[in-house]
Every structure is written in structure tokens, then in C-alpha cells.
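The values are calculated or read from the model by the stated rules, or taken from the named source; none is laboratory data. Predicted model only: the values in this text are computed from it and were never measured. Here Cβ is always computed from backbone atoms with ideal geometry, including for glycine, and neighbour counts include all displayed protein chains.
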Amino acid sequence: MNKENVYAQIELFRHRMISVAIERGFLDPTVLKYSRQIDDLHNILIKQSRG
């Protein structure tokens with residue numbers, strides 16, 4: 001996955017996470033799922049930056 005795709009996925013999940021959090025609260029399992037997915041994508045970026 002290239003850097004631009006990772007950033008696009010992060011933004012997509014971030015928007016979804018915020019929408020669900022507003023509707024259901026920040027501790028909703030779906031919000032936490034999106035948060036974990038964003039964390040995973042950040043980890044991909046870190047690994048890519050290290051070579």
C-alpha cells in the first residue's frame with residue numbers, strides 16, 4: 001500500500017469514527033474498531049518511513 005493510499009484510508013476511518021462517536025458515544029465498539037484500524041495504518045506509515 002503506498003503512502004497516499006494509507007493517508008486516504010486514515011482520513012476515511014477518521015471521518016467514520018467521528019460520525020459514529022457523535023451518534024453513539026466515544027466508547028462505542030465501532031468507534032474503538034476504527035481507532036484500532038487508524039493505529040494499524042499509522043504503524044504501516046512508520047514502518048514504511050524506516051525503510
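Mind checking whether some residue in region 34-43 is surrounded by 12 or more Cβ atoms within 10 Å (Cβ to Cβ), free of Cβ contacts under 8 Å to residues at least 40 places away in the same chain and of a type in the set (A, V, I, L, M, F, W, C)? Yes, region 34-43 has at least one match.
For beta carbons closer than 6 Å, sequence separation of 6+ or different chains, a first residue in region 1-20 that is in contact (Cβ under 8 Å) with a residue 40 or more places away in the chain and a second that is surrounded by 11 or more Cβ atoms within 10 Å (Cβ to Cβ), the qualifying pairs are Val6/Leu41; Val6/Ile44; Val6/Leu45.
Filter region 18-46 down to the residues that are of a type in the set (D, E, K, R) and in a helix (DSSP H, G or I), then identify the one that is nearest to Met1 (Cα to Cα). Restricting to residues being of a type in the set (D, E, K, R) and in a helix (DSSP H, G or I), the top hit is Asp40.
Scanning region 7-31 for residues that are surrounded by 16 or more Cβ atoms within 10 Å (Cβ to Cβ) and not small (Gly, Ala, Ser) returns Gln9, Ile10, Phe13, Arg16, Met17, Val20, Val31. When we screen Ile18, Ile22, Ile38 for residues that are modelled with pLDDT of 95 or more, under 10 Å from the mean Cα position of the chain (by Cα) and of a type outside the set (D, E, K, R), the only hit is Ile38.
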